[in-house]
1. Taking amide H positions as placed in the peptide plane 1.01 Å from N, state which residues far from Val375 in sequence (5 or more) or on other chains have amide H under 5 Å from it.
2. Carbon-plus-sulfur fraction of the accessible area of region 290-384, 1.4 Å probe, in percent?
3. Give me the Kirkwood hydrodynamic radius of region 352-414, using the inverse of the mean 1/r over all pairs of distinct Cα atoms, in Å to one decimal.
4. Å³ per residue of the Cα convex hull, for the chain?
5. What list of ³J(HN,Hα) couplings, whole Hz, do you get for region 425-441 from phi and the Karplus terms 6.51, -1.76, 1.60, once you set θ to phi - 60° and write x for glycine and proline?
6. Using modelled amide H (1.01 Å from N, peptide plane; none on Pro or chain starts), what sits under 5 Å from the amide H of Thr200, excluding residues fewer than 5 places away?
7. For the chain, the longest stretch holding no trypsin sites (Lys or Arg not before Pro) located in a DSSP loop with at most 14 other Cβ atoms within 10 Å is which?
8. Percent of accessible area on region 1-86 owned by carbon and sulfur, 1.4 Å probe?
Amino acid sequence: RDLFVSLHPRSGALASAAGQHLLSGVPMPWMTRWPGAHPVFFEQAEGARFVDADGIEYVDFCLGDTGAMTGHGLVGVADALRDRAVRGITTMLPSDDAIWVRDRAVRGITTMLPSDDAIWVAGELTARFGLPKWQFAMTATDANRFVLRFARALTGRPKVAVIDWCYHGTVDETLAVLEGDRVVSRPGAVGPAFDPALTTRVVPFNDVEALDAALSHGDVACLLMEPALTNIGIVLPEAGYMEAVREVTRRHGVLLVIDETHTICAGPGGCTAAWGLEPDFFVIGKPIAGGMPAAVYGMTSEVASHLETLMAGHSVDVSGVGGTLTGNALAMAAIRATLSTTLREEDFARMLPLATAWTDGVRDAYTARGLPWHVQQLGCRAEYWFCPPPRNGADAAAAGDPELDSYMHLFALNRGILLTPFHNMALFSPFHTMADVDRHTEVFAAALDSLLVP
């Protein structure tokens with residue numbers, strides 16, 4: 001901590017100034033979770049690196065917790081945003097009365113009207129993920145919230161089911177965990193709007209019997225889940241689990257909603273394409289617009305045919321689904337530019353071997369030192385644990401060691417490496433190199449040696 005403070009005097013000064021008008025000195029509450037006396041303030045980011053206010057360059061394995069999985073500062077996205085906002089080159093021409101006027105072709109950012117980019121984006125999403133109909137949102141939180149509403153409307157059932165220790169954004173119904181056999185608010189949830197047991201059934205990951213029992217009550221509209229847990233750390237599905245989930249949900253008439261906001265790391269079509277999943281609804285946000293706020297949700301033809309009847313009603317504008325800026329032209333341009341230039345097969349062909357090498361480097365380091373740790377990889381995402389691999393979210397939560405997490409993160413940060421603050425995760429973009437991996441392996445091994453000094 002002393003080294004951190006000495007390395008970051010400018011960030012420290014900015015943090016002090018930020019405390020005057022920003023709550024806790026940060027623009028978002030979770031920014032207080034960074035290790036050290038204060039957050040690092042950044043100046044610029046490009047590719048897989050960023051430079052902080054003190055001029056220190058970092059290898060970024062956090063990538064905005066997946067929001068910048070494509071890499072920072074994509075030229076194609078920047079060009080698309082500029083073109084969408086103001087098309088053409090601004091020139092200054094004299095008029096007949098010698099008054100200078102601007103000559104430019106203005107396109108516009110938002111009009112509450114569709115643009116042709118939306119058509120291209122929906123077609124690309126169908127090609128990647130397999131679902132034929134799509135809608136847009138500003139964030140994955142919004143998309144999940146909208147889908148839960150639609151599921152209840154379609155089924156006439158009041159409750160939703162989620163996985164124990166899941167995270168799907170700030171959706172009230174999903175901020176719930178199991179305490180014994182009781183559904184309670186997730187620890188840390190601020191000001192719960194209601195008792196989550198009234199709206200939500202919670203089941204452990206990798207437990208088909210528990211899922212079957214929860215859905216047998218006949219009051220669950222949908223199961224919202226990640227195909228692999230990520231926000232409590234990477235917990236992979238056991239063999240046959242996702243196939244069993246699909247069978248159980250269909251048997252009970254429960255809609256299956258797959259949230260791939262993080263698990264897009266598995267490939268261009270996420271786990272849905274890689275593992276042949278068959279969701280009724282599909283949600284993804286974060287990286288699809290190259291860092292711009294945007295999310296999408298897709299659905300089967302059967303679901304869409306029912307929803308289109310709802311959308312034709314006079315009250316659709318106050319249905320609790322939508323938002324004035326949702327589907328705006330700027331976001332559509334950003335998604336099109338992103339999906340047409342990155343997160344493609346050729347990008348994952350570069351990212352996946354880097355994640356495997358990172359995983360191997362971590363494993364070799366802790367194995368050589370006799371530590372009973374574990375490292376897990378999901379596509380171009382990898383994460384280490386201080387214990388054997390957890391089977392479900394409760395096991396993962398119980399295995400947490402905040403002090404050791406903080407030490408490992410701060411040791412890396414002081415040596416120019418940024419990991420995701422909430423857990424020990426590294427994510428790879430097309431801009432990372434094997435030299436970045438080797439540097440992390442070197443720093444990780446040094447951190448272990450510092451811990452093991454007699």
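The values are calculated or read from the model by the stated rules, or taken from the named source; none is laboratory data. Keep in mind that what you see is a predicted model, and the values were worked out from it rather than measured. Please note: Cβ atoms are built from the backbone with ideal geometry, for glycine as well, and neighbour counts cover all protein chains shown. Heads up: the accessible areas ignore ligands, DNA and RNA and are worked out on the full protein's heavy atoms, side chains in. Shrake-Rupley method; radii C 1.70, N 1.55, O 1.52, S 1.80 Å.
1. Distant-sequence amide H within range of Val375: Trp385.
2. Carbon with sulfur: 55 percent of the solvent-accessible area.
3. Mean inverse Cα-Cα distance, inverted, gives 12.6 Å.
4. Value for the chain: 179 Å³ per residue.
5. Computed from phi, the couplings for region 425-441 are 10, 10, 10, 10, 10, x, 9, 5, 10, 5, 5, 5, 4, 4, 5, 5, 4 Hz.
6. Val160
7. Maximal segment without exposed cleavage sites: 2-343.
8. Values: 2670 of 4640 Å².
Answer for region 1-86 is 58 percent, counting heavy atoms of protein chains only.
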